[in-house]
Amino acid sequence: MRAGMIGKKVTLESQGTGLIADPIYHYVVMTDCIRGEKTERDLIDSPYVQRLRRIFQLQSARWVFPSAEHTRFQHSLGTMHVAGVFSEQLYPSLFDIFKSELPSFCYVEELLRVAGLLHDIGHGPFCHFFDEQYLSRFQTNHEEIGQYIIREKVSSILKGIRRSARGPLKKTETLDPDQVAFLIKRPQKKERQKYPKWLIFLQQLFRGIFTFDNIDYVLRDAYMTGVSIGPVDWRRLLFYTSFRKEGLVLDKRGMDALAMFLNARLYLYSNVYYHRTTRSIDLQLHEIFKETMEILCPFHPVKEIDQYLDLTDWFLMEKVMEWKKSLSPKERRLGEKWGEVLSRKLKWSSVFEEKLTLKEMEVGRPIFLTPEEVRRRMEAVLPAPIRKVDFYVDMAHHDPRPLNPWHETEGATLLIYDPGVRRISREPLRKLFQYIPAKVAICRVYALDHRFDRQLSQAARQALSSEGPVETFETNL
């Protein structure tokens, strides 16, 4: 089936759809009000998706950027939209590979759309911070919880969906919740063996260098924070993306758009997600978050899923504010500390900041000092009285692209097609990454006040001096 054939079908099967206004894409289409069928509207209006309205997209940055009050709900709708747009571009090349093995276009489109809508359905309050600070104690994460919700809580809705936004599924096709769950989490090798290869190909769209998820959050977070990231030509990325038998392929003519996207994403990490005040708030939360969750979530989330689903940012903030009047000394102490965060009375001030950029590192080399090592080196050179001063070393770092993408597993690989020589390889990707930092680390030192800025800054510079040239910034939190 070619793209033009899909377009003709759209005009004939456009009934039963509704529009959702969106500041990024103008409108997001959803299936709606079809007698005898479940639709995307039913899924969106389910308590499991509506719950995401009460989970903020940005855990701490919203206290730094006043307009960043958007939620995982808005992001999930945007991810669904991007997935649907990509499906029309990618289906013909996927069909060329798998032919009769591949389900219909409308099945694949709907599979990608609902996976995009549900990819964050397992998030708890403060999102990834909750994963790192608390869910790790249960050896789980929001993706595994999301898979459980998809398989156990919304599976009846998924199975009742009979069409995508562009037309009906075949009469013999029923949307498979297990396939939706498979797409939202990187599978283990043994898991991959039980799924069809075309589905494994689609998984690359959720785990690659650019994905439905990160395309939406780059555009949406930049818009909602008011941070200018420059142009992101995701439509050009879309136009030049296809599947070949080797996997997901980007035409070489889309390389500039890829570089543009990666640099925009890196800019967001450096200036929003790892903003010095955002990280300061994270440090303050770190001191109280685990104790708080031991009270609010003393159970394994999957074993008590209904109770877990009540756990949102709204629920957490209401509870901790009540603790100020609690009879429990522990709750009262935590309530007071949460009150400081929620009223933006910040504990830690940034007294030193340096950005470390290291390029073309060898595979497997340790490339950054740990915060503990930086602190140890600082204490070795600080005057004895200042060693007792409360200070905290923070190493915020982010990969603007997967480490060593040409050595990644098959499921996360991006290949480049050169139309001039009709050759597919990873070589152009290597050349592109020569101009994008292999890693960016921001080393900061935080203290309770600014009395010892000079001494702490000098000690930090000495601690980092063996790491090569660094880019230095004065800070004034």
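Looking only at the range 371-417, which residues are assigned to a helix (DSSP H, G or I) and at pLDDT below 85? Selection gives P405, W406, H407, E410, G411, A412. Check whether at least one residue in the range 258-272 is under 19 Å from F433 (Cβ atoms), assigned to a helix (DSSP H, G or I), in contact with a His (Cβ under 8 Å, 6 or more places away or on another chain) and of a type in the set (F, W, Y), and report yes or no. Yes: one or more hits.
Candidates are the residues of the range 418-432 that are assigned to a helix (DSSP H, G or I) and not acidic (D, E); the one that is modelled with the lowest pLDDT is R430. If you check I55, I44, I24 for being at pLDDT 95 or above, touching a Cys at 6+ places or on another chain (Cβ under 8 Å) and β-branched (V, I, T), only one passes: I55. When D213, D233, D178 are checked against the criterion of being over 21 Å from the mean Cα position of the chain (by Cα) and either modelled with pLDDT of 90 or more or under 25 Å from T39 (Cα atoms) (or both), a single residue qualifies: D178.
Criterion applied to V302, V320 was being outside any helix (DSSP H, G or I), touching an Asp or Glu at 6+ places or on another chain (Cβ under 9 Å) and surrounded by 14 or more Cβ atoms within 10 Å (Cβ to Cβ), and the one residue passing it is V302.
Tell me, which residue of the range 35-66 that is surrounded by fewer than 17 Cβ atoms within 10 Å (Cβ to Cβ) and among the charged types (D, E, K, R) is farthest from the chain's Cα centre (by Cα)? By that ranking, first place goes to R35. None of Q188, Q193, Q179 is over 30 Å from N271 (Cβ atoms), among the polar types (S, T, N, Q) and touching a residue at least 24 places away in the same chain (Cβ under 8 Å) except Q179. Close Cβ contacts (under 6 Å, 6 or more residues apart or on different chains) running from residues in the range 312-331 that are in contact (Cβ under 8 Å) with a residue 60 or more places away in the chain and closer than 21 Å to R72 by Cα to residues that are outside any helix (DSSP H, G or I) and not aromatic (F, W, Y) comprise T312/I55; T312/P125; D313/I55; D313/P125; L316/P125.
The residues in the range 11-34 that are surrounded by fewer than 14 Cβ atoms within 10 Å (Cβ to Cβ), of a type in the set (G, A, S) and within 20 Å of R162 (Cβ to Cβ) can be counted, and the count is 1.
Of note, R207 satisfies the criterion of being of a type in the set (K, R), modelled with pLDDT under 90, in the same structural domain as Y107 (by TED's automatic domain parsing) and under 21 Å from S425 (Cβ atoms).
Given the structure, is R35 among the charged types (D, E, K, R) and at pLDDT 95 or above? Spelling it out, it is not the case that R35 is among the charged types (D, E, K, R) and at pLDDT 95 or above.
So, in the range 58-81, exactly how many residues are in a helix (DSSP H, G or I) and either under 12 Å from H123 (Cβ atoms) or at pLDDT 95 or above (or both)? Count: 10. Of all residues in the range 208-235, those being of a type in the set (A, V, I, L, M), in a helix (DSSP H, G or I) and touching a helix residue (DSSP H, G or I) at 6+ places or on another chain (Cβ under 7 Å) number 3.
Within the option set T241, T225, being touching a residue at least 40 places away in the same chain (Cβ under 8 Å), surrounded by 20 or more Cβ atoms within 10 Å (Cβ to Cβ), in the same structural domain as T71 (by TED's automatic domain parsing) and touching an Asp or Glu at 6+ places or on another chain (Cβ under 9 Å) holds for one residue only, T241.
The values are calculated or read from the model by the stated rules, or taken from the named source; none is laboratory data. No experiment lies behind these values; they were computed from the predicted model shown. Counting neighbours? That spans all protein chains shown, and the Cβs are built from the backbone with ideal geometry, glycine included.
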